[in-house]
Amino acid sequence: MTGFGTAAVHGDDGLVPGGSVAPPIVQSATFSAESDERFTEIATEARGTAFYTRYGNPNHAQVAAVVAELEGAETGLVTASGMGAISTVALALLAAGDHVVVQRSTYGGTTSLATGLLARFGVACTQVDQTDADAFGRALRPETRLVLVETPSNPLLELTDLAAVVATAHAAGALVVVDNTFATPVNQRPLDAGADLVWHSGTKFLGGHSDVSAGVVVGGADLIDRVWRTAIVTGATLGPVDAWLLLRGLRTLALRVQRHNANALALAGALEDHPAVVRVRYPGLPSHPQHALARRQMTGFGGVLGVELAAGRAGAAALLAGLRLAKRAASLGSVSTLVVHPRSMWAGIVDAEQLAAAGIGEGLVRVSTGIEDTDDLVADFRTALEAVPA
């Protein structure tokens with residue numbers, strides 16, 4: 001593989017028509033064929049780009065090629081959102097009577113999918129502590145088909161030992177599907193550790209500008225084709241304009257992630273010893289209980305951190321109210337720093353008992369650092385913390 005910056009710019013070479021430097025938007029829902037034979041060919045081709053946009057589009061192919069190159073995958077496909085990606089994967093690879101293993105600390109939508117929606121269709125779920133690699137082995141059953149992993153996790157920034165979990169799952173005949181949204185392929189490549197599929201909420205770091213909703217899943221062609229066959233039924237189709245926006249964001253991913261990493265590490269270090277702060281959760285800090293694992297399986301530590309305030313919800317509210325550069329908003333991975341109170345954000349999709357079991361406390365604030373100047377960002381948080389009770 002070439003470097004990440006080169007791959008992001010050139011990963012779709014050969015897919016851009018003519019001499020266009022910037023790829024055109026192919027804003028067509030359907031495509032014509034010059035003969036019956038050609039129509040049959042394009043109508044039956046997996047992940048084709050010349051039949052019907054729900055089946056595939058040139059802009060889709062360009063994004064999938066770039067992300068696959070970045071992740072070291074054979075191929076990929078895009079969806080209308082990150083949840084569209086993981087839901088389609090689950091529906092493609094699971095059936096009634098199957099079993100999945102999922103982490104307790106993971107994105108609330110993934111928890112809701114695994115413990116709620118899939119259960120309605122006869123798929124059982126076991127939740128485990130991701131920091132205990134052996135817990136995955138204990139949870140496996142003969143009917144386990146998928147192990148769903150997110151590392152670092154949202155919003156607790158806990159890590160999963162990818163190599164250990166992959167070895168355990170594969171020995172039992174289960175596939176491992178990894179959410180790499182927080183890390184990005186610049187910081188971590190789960191397929192290198194043996195994972196079967198990797199998915200992203202492209203809305204986050206891959207797009208990078210808070211102007212597109214998208215999902216991507218990459219892996220081997222056989223598995224991706226199975227997912228694609230389900231995707232054309234469920235119809236979580238990414239529009240051509242959104243695919244184009246995602247591709248544009250990907251071009252600068254390597255540059256942006258460098259700044260995200262640097263800002264998060266600097267902010268985590270600056271806040272760690274503040275009297276109003278109980279704990280800073282960031283795998284790049286030596287104080288993180290899994291820092292050694294982070295150094296082993298990541299090349300950078302990401303742009304997201306968790307800050308736990310001593311004053312609980314009141315402390316979190318005071319911090320959020322005092323910030324001037326950071327925006328109080330859902331999502332992450334933007335050029336702007338985004339802050340959110342996870343306990344409030346997920347109240348509608350995960351019940352209070354599940355939130356408590358996952359360790360998401362009232363005083364936790366999730367911070368997704370943007371690409372602002374580091375000194376300005378640190379100063380904004382220090383000023384806001386002056387009004388937060390210790």
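Values quoted throughout were computed directly from the atomic coordinates according to the rules given, and no laboratory measurement underlies them. Because the structure is predicted, anything quoted here is derived from the model rather than measured. Cβ atoms come from the backbone with ideal geometry, glycine included; neighbour counts cover every protein chain shown.
Compactness ratio for the stretch 60-102: Cα radius of gyration over 2.2 N^0.38 Å (N = residue count) comes to 1.38. Relative to one another, the C-alpha centroids of the stretch 343-373 and the stretch 51-75 are positioned 32 Å apart. Angle between the Cα long axis of helix 221-234 and the longest principal axis of the chain, 0 to 90 degrees, nearest 10? Between the helix axis and the principal axis of the chain, the angle is about 90 degrees.
Across the stretch 254-385 the C-alpha pair distances fall into 5 Å bins from zero in the proportions 2, 11, 20, 24, 21, 14, 7, 1 percent.
Mean shadow of the chain, computed from the convex hull of its alpha carbons, in nm²? Write down the numbers at each step before the final one.
Numbers: hull surface 76.1 nm².
Computed as one quarter of the Cα hull surface, the answer is 19.0 nm².
Provide the gained length on full extension for the span LEU117 to ASP192, in nm with one decimal, where the gain is 0.36 nm per separating residue minus the Cα-Cα distance. Before the final figure, lay out each step's value.
Details: separation 75, 0.36 × 75 = 27.00 nm, distance 3.06 nm.
Additional length available on full extension: 23.9 nm.
Put simply, the C-alpha atoms of the stretch 324-374 give a gyration tensor, and the ellipsoid matching it has half-axes of 25, 10, 8 Å, longest first. Quick check: net charge around VAL123, other residues with Cβ under 11 Å of its Cβ, Lys/Arg +1 and Asp/Glu -1? Taking every Cβ under 11 Å from that of VAL123, the sum is 0. Inter-part distance, the stretch 138-217 to the stretch 253-321, computed on C-alpha centroids, equals 20 Å. Around the Cα centre of the stretch 254-385, unit charges on the Cβ atoms of Lys, Arg, Asp and Glu (plus for the first two, minus for the last two) sum to a dipole of about 220 debye.
Length gain on complete extension for the stretch ARG54 to ALA96, per 0.36 nm per residue less the alpha carbon to alpha carbon distance? Show your work: numbers first, answer last.
Values: separation 42, 0.36 × 42 = 15.12 nm, distance 2.65 nm.
Length difference between fully extended and current span is 12.5 nm.
Evaluate E = 1/(1 + (r/R0)^6) for THR234 and ALA46, where r is the Cβ-Cβ distance and R0 equals 22 Å; express this FRET efficiency to the nearest 0.05. Please list the in-between numbers first.
Numbers: r = 16 Å, r/R0 = 0.73.
It comes out at approximately 0.85.
Helix 374-385 and the longest principal axis of the C-alpha atoms of the chain enclose an angle of approximately 50°. For the pair SER32 and ALA310, the difference between a 0.36 nm per residue extended length and the Cα-Cα distance amounts to 93.8 nm. Against the chain, whose longest principal axis comes from its Cα atoms, helix 162-171 is set at around 50 degrees.
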